[in-house]
Every structure is written in C-alpha cells, then in structure tokens.
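Okay, so here's the structure we're looking at.
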Amino acid sequence: MALREIRTIGDEILTKKSRPVTELKPRLQTLIDDMLDTMYATGGVGLAAVQVGVLRRIVVIDVSLEQDSPVVLINPEIIEMSGEQVGDEGCLSVPGKHGQVKRANYCKVKYLDRDMKEQVIEGEELLARALQHETDHLDGKMYVDLVEGELMDVQIYDESEDEE
Ligand code: NI
C-alpha cells in the first residue's frame, strides 16, 4: 500500500488539463493502485490523477458505504446527462470545506477499464455527482467555482462537548 500526497487548491497543477492514456504501462497501474489506497485512506469517494500530481485522464470512484466497490475510469467521457440535483460537495484537494453544487442527477460515462476495454457506467445522485466532479478535475475544473452561496467550513463533531 502506498499513499500519494494530495495536491491542494492553490497548486497550479489542479487547473491544468490532463492528457489521455494511450497505453497502460506498469507505472500507471501502480499509480491506479496508489490512487485507490489514497482515496480509501482519506475517506474520499473519488480521486483524479491530477490530485496526486499526475496529468493523466484517470479517475477512481467508490461511492459504496462499505467502500468495497472501486471503479477505475481511464479517459472518461460524459456522453449523457439529465435532470438536476443540488447537494453538498467536497473535495480532497479542498480540505475542511464543503458547499452546495448543482449537478445533473443522471450521468452516463464512456471509459476504458484497467484492461483498456471500453465500458459504460450510468449513475444517479451521488454516483452521478462523483462522475461529474472527477471528470471536471481532468479539465482543470474545481467544484469551488460551481458552489452556490458560501463555501462552508466542515464542522468537526467533538464528543467531549457532549452533554449527558
Ligand atoms: Ni475533487
């Protein structure tokens, strides 16, 4: 297991466009393994390669409660979107913050899997949100630019302040 350092907002790399993957060399397989480890270790539901400093069009997502259903998307491309949802969003590259973002409620994405085979994934609600959020990262876009209203601080729940 290897964790990679997550780049945070203000780091110029996060504004750059990632390049497509044409061949999945061992170095990129290792990158994907590390991205999954890093996403799980930090409690995220998605991570794009650019967030660990690699400008390649690779995304990992797992929105399952058990965190046991990873999806690896190489060169993902949104081919259909519909509906609307407004909900809370955060990003590992924007620690301690969250905000309300309007997204399509349904999203269909074409991508290559780890065997470079073409696949299609469809999602609604949280999965659709994650697919849009992570695909945006590959084009240098951050959710903070889409936030409606204020970008808020995450409230840390402190048990010591509990009253009986
Ligand atoms: Ni993000």
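The values are calculated or read from the model by the stated rules, or taken from the named source; none is laboratory data. Please read these numbers as outputs of a predicted model, since none were measured by experiment. Counting neighbours? That spans all protein chains shown, and the Cβs are built from the backbone with ideal geometry, glycine included. Note: areas computed on protein heavy atoms with side chains; ligands, DNA, RNA excluded. Shrake-Rupley method; radii C 1.70, N 1.55, O 1.52, S 1.80 Å.
Rg then Dmax, both in Å and based on the Cα atoms of the chain: 16.0, 59.
Evaluate the relative contact order of region 80-161 (contact order divided by residue number), counting alpha-carbon pairs under 8 angstrom at least 6 apart; express in whole percent.
Details: 121 pairs, mean separation 25.4, N = 82.
Rounded, it is 31 percent for region 80-161.
Taking the chain as a Gaussian network, Cα atoms linked when under 10 Å apart, which of Val72, Val21, Val52 shows the biggest mean-square fluctuation? So, out of Val72, Val21, Val52, the one fluctuating most is Val21. Residues in region 104-112 carry Karplus couplings, in order, of 5, 7, 10, 8, 10, 10, 9, 7, 9 Hz; the curve used is 6.51 cos²θ - 1.76 cosθ + 1.60 with θ = phi - 60°, and Gly or Pro positions show x.
Rolling a 1.4 Å probe over the protein heavy atoms of region 61-110, with every protein chain left in place, gives an accessible area that is 50 percent carbon and sulfur. If you take the Cα centroid of region 41-72 and the Cα centroid of region 84-109, the two points sit 15 Å apart. A compact globular protein would have a Cα radius of gyration near 2.2 N^0.38 Å; the ratio found for region 34-125 is 1.10.
How high is the relative contact order of the chain, given as a whole-number percent (alpha carbon pairs under 8 Å, six or more residues apart)?
24 percent
What the Cβ-Cβ distance of Asp33 and Glu80 gives, at R0 = 30 Å and to the nearest 0.05, is a FRET efficiency of 0.50. Restriction of the trypsin sites (Lys or Arg not before Pro) in region 53-124 to DSSP coil positions whose beta-carbon has at most 11 other beta-carbons within 10 angstrom yields Lys117.
Looking at the chain alone, DSSP beta bridges between its own residues are antiparallel in about 95 percent of cases.
May I ask for the net charge around Glu89, where only other residues with Cβ less than 15 Å from the Cβ of Glu89 are counted and Lys, Arg are +1 while Asp, Glu are -1? Spelling it out: positives minus negatives among the neighbours equals -4.
Listed by chain and number, the lysines whose C-alpha is less than 19 Å from the C-alpha of Lys16, apart from same-chain residues fewer than 8 away, are Lys141.
Skip the ligands, DNA and RNA, and give the accessible area per residue of the chain with a 1.4 Å probe, whole Å².
Result: 57 Å² per residue.
Considering only Glu150, Glu84, Glu66, the mean-square fluctuation computed in a Gaussian network model of the chain, springs between alpha carbons under 10 angstrom, is largest for Glu66.
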